[in-house]
Amino acid sequence: MLKRKIFSIIMLCVAVPAVVFAGYFLAKGKQYYLVSLLVIFLSIFPFFYSLERKKLQTRELVITASVTAIAVASRAAFFYLPNIKPMCAVLVISAVVFGAEFGFVCGAISMLLSNFIYGQGMWTPFQMLAMGLTVFVITLIIRAFKIKNRFVAGIVSGIICTLLYGVIVDLCSVFMMVSDFNLKSILAVYSSGVPFNIMHGAATALIVAFFMPSITEKLQRIKIKYGIFNEKNQHSS
């Protein structure tokens with residue numbers, strides 16, 4: 001269990017960011033489709049590894065695809081409301097039930113697919129990394145501290161979403177907008193993104209706080225009924 005978690009953290013928190021930044025600096029942000037595919041591959045690898053010798057069930061793939069589709073639809077539905085998106089909240093609620101690795105995979109793929117609506121570019125790998133890593137970290141914290149109170153879970157989700165997602169995505173903006181890298185220019189870019197990041201985090205916090213109990217209850221029933229992503233079974237096999 002511990003080895004699996006360490007492996008997942010190294011892959012998702014070290015290898016994936018390394019690929020994203022290498023893709024930007026080595027390919028000048030032009031090979032974003034290739035970088036996106038590499039991000040997906042590295043994201044999926046610990047996800048499958050977490051299943052160990054347990055054979056992956058078709059129903060688990062169906063759940064993964066379904067959650068991803070819902071996340072994409074939730075972002076597309078609020079197309080005209082910048083940064084007021086339920087995507088992160090939808091992914092967090094699902095990942096709390098099915099696992100942090102599950103959340104990273106769905107987060108990265110959802111951002112790639114939804115950008116076929118919003119537009120692809122050098123920002124896509126950064127958004128994939130930001131969404132996947134944000135959901136991953138939030139899920140780890142909620143599970144590790146066994147947070148049951150929906151309002152506390154909402155606050156945690158909102159704060160991390162505001163800070164972590166905002167820092168990573170705004171870093172891409174820094175690379176795109178700043179030619180003379182200095183502290184003043186970098187702070188100017190980050191400060192301009194603060195209102196949008198706060199709106200995104202607030203939306204995530206509210207949705208998690210008000211919808212997490214009812215949705216997780218239904219997802220837990222599905223998980224138990226069909227025996228999917230059952231960590232106990234995985235480690236006993």
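The values are calculated or read from the model by the stated rules, or taken from the named source; none is laboratory data. Just so we're clear, the structure is a prediction, and the values are computed from it rather than from any experiment. We place every Cβ from the backbone using ideal geometry, glycine too, and count neighbours over all the protein chains shown. All accessible areas refer to the heavy atoms of the entire protein, side chains included, with ligands and DNA or RNA removed. Shrake-Rupley method; radii C 1.70, N 1.55, O 1.52, S 1.80 Å.
With 0.36 nm allotted per residue and the present C-alpha distance subtracted, the Y226-F78 stretch has 50.1 nm of extension available.
Based on Cα contacts under 8 Å between residues 6+ apart, the chain shows a relative contact order of 24 percent. Ranked by the mean number of other Cβ atoms within 10 Å per residue, highest first, peptides 87-97, 118-128 order as 87-97, 118-128. Over the residues of the chain, the helix contribution to mean residue ellipticity at 222 nm works out to -26000 deg cm²/dmol, using -39500 (n - 2.57) for each DSSP H run of at least 4.
Once you list every other residue whose beta carbon is under 14 Å from the beta carbon of V174, what net charge do they have if Lys and Arg are +1 and Asp and Glu are -1? Cβ neighbours under 14 Å give a net charge of -1.
Solvent-accessible area per residue in the chain equals 50 Å², computed with a 1.4 angstrom probe and all protein chains kept. For segment 151-210, the fraction of alpha-carbon pairs lying more than 16 Å apart is 46 percent, rounded to a whole number.
Whole-percent P(r), segment 50-142, all Cα pairs, 5 Å bins from 0: 3, 15, 24, 25, 17, 10, 4, 1, 0. Share of pairwise Cα-Cα distances greater than 22 Å in segment 117-236 is 48 percent (whole percent). Max-minus-min Cα coordinates of the chain on each principal axis give 55, 36, 31 Å, with the largest extent listed first.
Here is the list for segment 154-205: chymotrypsin sites (Phe, Trp or Tyr not before Pro) lying in DSSP coil, each with at most 15 other C-beta atoms within 10 angstrom of its C-beta, are F181.
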